[in-house]
Amino acid sequence: MVFNTGAALLDAIVLAVVSREAEGTYGYRITQEVRQVIELSESTLYPVLRRLQKDANLEVYDREYAGRNRRYYKITAKGRETLTGYIQEWRLYSGKIEGILEGGMGYE
């Protein structure tokens with residue numbers, strides 16, 4: 001993709017992916033789902049997850065899987081509020097960009 005993905009958009013995408021699973025999900029699975037829409041390395045994802053956790057948008061817990069601990073990320077109530085705000089902002093922003101690209105007056 002030729003467009004860069006800024007931090008806010010990446011946060012929104014990760015929150016959206018994590019929010020789909022009531023019990024949370026783990027890093028590798030998040031990476032795989034995000035990669036369906038944008039290019040993302042695990043080395044990029046984990047700082048995003050740590051930042052979202054630090055900001056109380058995600059909570060983290062460990063669960064055993066195949067004899068090892070797997071770290072799970074679960075969206076918090078604050079994270080759901082943050083995601084809702086991102087969705088509203090995205091709708092406004094993408095509508096304006098679409099309007100400009102398609103020749104309309106979407107930037108009003």
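The values are calculated or read from the model by the stated rules, or taken from the named source; none is laboratory data. Since we're looking at a predicted model, the values are computed, not measured. Every residue, glycine among them, receives a Cβ derived from its backbone with ideal geometry; neighbour counts consider all protein chains shown. When the accessible area is computed, the model is the full protein with side chains, heavy atoms only, and any ligands, DNA or RNA have been set aside. Shrake-Rupley method; radii C 1.70, N 1.55, O 1.52, S 1.80 Å.
Distance between Cα centroids, region 35-108 to region 1-23: provide it in whole Å.
A separation of 3 Å, based on Cα centres.
Please give the contour-minus-distance gain from THR5 to ALA56: 0.36 nm per residue of separation, less the Cα-Cα distance, rounded to one decimal in nm. Kindly include the intermediate steps, with their values, before the conclusion.
Values: separation 51, 0.36 × 51 = 18.36 nm, distance 2.22 nm.
Extra length from THR5 to ALA56 when fully extended: 16.1 nm.
If the reach is capped at under 15 angstrom between alpha carbons, list the aspartates and glutamates near LYS54, excluding any in the same chain fewer than eight residues apart.
Leaving aside aspartates and glutamates fewer than 8 places away in the same chain, those within reach of LYS54 are ASP11.
As a check on your grasp of the helix formula, calculate [θ] at 222 nm for the chain: sum -39500 (n - 2.57) over DSSP H runs of n ≥ 4, divide by the residue count, round to the nearest 500.
One gets -18000 deg cm²/dmol as the mean residue ellipticity at 222 nm.
Give me the percent of the accessible area of the chain that comes from carbon and sulfur atoms, probe 1.4 Å, all protein chains in place.
50
Please give the solvent-accessible surface of GLU23 in Å², to the nearest 10, using a probe radius of 1.4 Å with every protein chain present.
Counting only protein heavy atoms, GLU23 exposes about 110 Å² to solvent.
Per residue, how much accessible area does the chain have with a 1.4 Å probe, in Å²?
I get 69 Å² per residue for the chain.
Anyone know which of THR44, THR31, THR84 comes out most mobile in the 10 Å Cα GNM of the chain?
Comparing THR44, THR31, THR84 in the GNM, the peak value goes to THR44.
Counting only residues 5 or more places away or on other chains, whose amide H sits under 5 Å from the amide H of LEU58 once H atoms are built in the peptide plane?
For LEU58, the qualifying residues are GLN53, THR76.
Give the calculated FRET efficiency between SER19 and ILE97 to the nearest 0.05, with a Förster radius of 25 Å applied to their Cβ-Cβ distance.
Once rounded, the FRET efficiency stands at 0.55.
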